[in-house]
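Trainee: First, the structure itself, so that you have it in front of you.
Every number in this text was worked out from the coordinates using simple rules, so none of it is lab data. Treat the numbers as computed from the prediction; the structure is a model and nothing was measured. Methodologically, a virtual Cβ is constructed for each residue, glycine included, from the backbone with ideal geometry; neighbour enumeration extends over all protein chains shown.
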Amino acid sequence: LDRISYLLGSGNTAILIDPVLPVGPFLAAAKRHDWTIRGILLTHLPNEFIAGHQDGARQTGARVFVPAKASAGFPHRAVTEATTIRVGKVQLHFLETPGQSEDGISAIVYGGNKSVIPRLIFSRASSQDVLSWSERGPPAM
């Protein structure tokens with residue numbers, strides 16, 4: 001289960017990104033910071049780890065966000081490059097970043113209402129992605 005998960009919070013809300021099981025530690029961390037988890041984002045449909053998105057959604061009532069190119073068989077909102085998700089004072093914008101799977105996306109985090117400089121990027125790039133980029137070039141920005 002070699003997977004990295006993230007909990008991004010701002011104000012009193014948070015989004016859980018690529019959660020693994022169990023989700024209890026994420027819920028505890030959100031509680032310590034007085035964050036309510038409003039969203040759960042999968043940067044791709046996992047086949048290499050056991051995702052905690054459904055368990056997290058069940059326990060928090062959060063909406064699950066999945067790349068539009070993914071064939072998700074569970075309730076979700078499709079994410080495209082035109083999607084923006086607000087988490088407190090930050091905004092997540094998306095970039096399609098296929099590689100290991102064709103449905104991959106990266107989340108680009110901007111802070112504040114007038115920010116034009118990204119603060120953080122959550123990417124699922126792997127060594128397999130880098131190898132495929134060497135053959136066809138990196139994704140267009």
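Trainee: For the stretch 34-109, what are the per-bin percents of Cα-Cα distances with bins 5 Å wide, up to the bin holding the maximum?
Mentor: Binned Cα distances yield the sequence 3, 15, 26, 25, 20, 8, 2, 0.
Trainee: For the stretch 1-99, which chymotrypsin sites (Phe, Trp or Tyr not before Pro) are both in a DSSP coil and crowded by at most 16 other Cβ atoms within 10 Å?
Mentor: Phe49
Trainee: Which GluC sites (Glu not before Pro) in the stretch 20-119 sit in a loop by DSSP (not H, G, I, E or B) and have at most 15 other Cβ atoms within 10 Å of their own Cβ?
Mentor: Qualifying residues, ordered by number: Glu48, Glu81, Glu102.
Trainee: Given Cβ point charges of +1 (Lys, Arg) and -1 (Asp, Glu) and nothing else, what value in debye, to the nearest 20, does the dipole of the stretch 1-112 about its Cα centre take?
Mentor: 540 debye
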